[in-house]
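The values are calculated or read from the model by the stated rules, or taken from the named source; none is laboratory data. Since we're looking at a predicted model, the values are computed, not measured. Methodologically, a virtual Cβ is constructed for each residue, glycine included, from the backbone with ideal geometry; neighbour enumeration extends over all protein chains shown. Please note that ligands, DNA and RNA were not included when accessible areas were found on the heavy atoms of the full protein model with its side chains. Shrake-Rupley method; radii C 1.70, N 1.55, O 1.52, S 1.80 Å.
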Amino acid sequence: MVTEKGPFSFYYSKENRSECCRLRKVVPLSKALKDKKVWISGIRASQSLNRGNMDWLEYDEDKMVYKFYPLFNWPFEEVKDFVKQNHIPYNILHDRGFVSIGCEPCTRAINPGEDFRAGRWWWETDGKKECGLHIK
């Protein structure tokens, strides 16, 4: 991809960005999940419209794995409080306005009041902010 399209092709079209996410995230995760029975993820329903339409436990027929989201119905503030109260290590970028952290060139901090996913692929204007890992 980089050889054919250059190192920043993901900025030029949604198709290129989706290809980048697929090659660097979706394909490697699919390989890592091979022969696994459960995939545990920290996604929450309130993070995006797509995620709000999901459920806390799903079966992915393509990967033949159960997807379990233990924080699915937790509000963001509840997650932050739990982390603080239980001294759970976390990424310090969260303290700097990065509420949704992905690949470095595709992630930026958000300002107070901005949508939770505004820091991801901010150059895309269609509002669909998913890399492909959590899309049915």
What is the magnitude of the charge dipole of the chain about its Cα centre, with +1 placed on the Cβ of each Lys and Arg, -1 on the Cβ of each Asp and Glu, and no other charges, expressed in debye to the nearest 20? 320
When the Debye formula is applied to the Cα atoms of the chain, each taken as the same point scatterer, what base-10 log of I(q)/I(0) results at q = 0.16, 0.17, 0.22 Å⁻¹? -0.99, -1.10, -1.50
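Report, in deg cm²/dmol and to the nearest 500, the calculated mean residue ellipticity at 222 nm for the chain, where each DSSP H run with n ≥ 4 adds -39500 (n - 2.57) and the sum is divided by the residue count. Walk me through the numbers before you get to the answer.
On the way: 5 runs with 33 residues, N = 136.
Computed mean residue ellipticity for the chain: -6000 deg cm²/dmol.
Near R51, within a Cβ-to-Cβ distance under 9 Å, what is the net charge of the other residues, with Lys and Arg +1 and Asp and Glu -1? List each step's numbers first, then the result.
Numbers: positive: R44; negative: E130.
Counting the neighbours of R51, the net charge comes to 0.
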Quick one: among V83, V99, V27, which has the greatest mean-square fluctuation in a GNM of the chain with alpha-carbon springs under 10 angstrom? V83
Using the heavy atoms of the protein chains and a 1.4 angstrom probe, tell me the accessible area per residue for the chain in square angstrom. 67
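Share of segment 53-123's accessible area from carbon and sulfur, percent, 1.4 Å?
Details: 2690 of 4910 Å².
Roughly 55 percent, rounded to a whole number.
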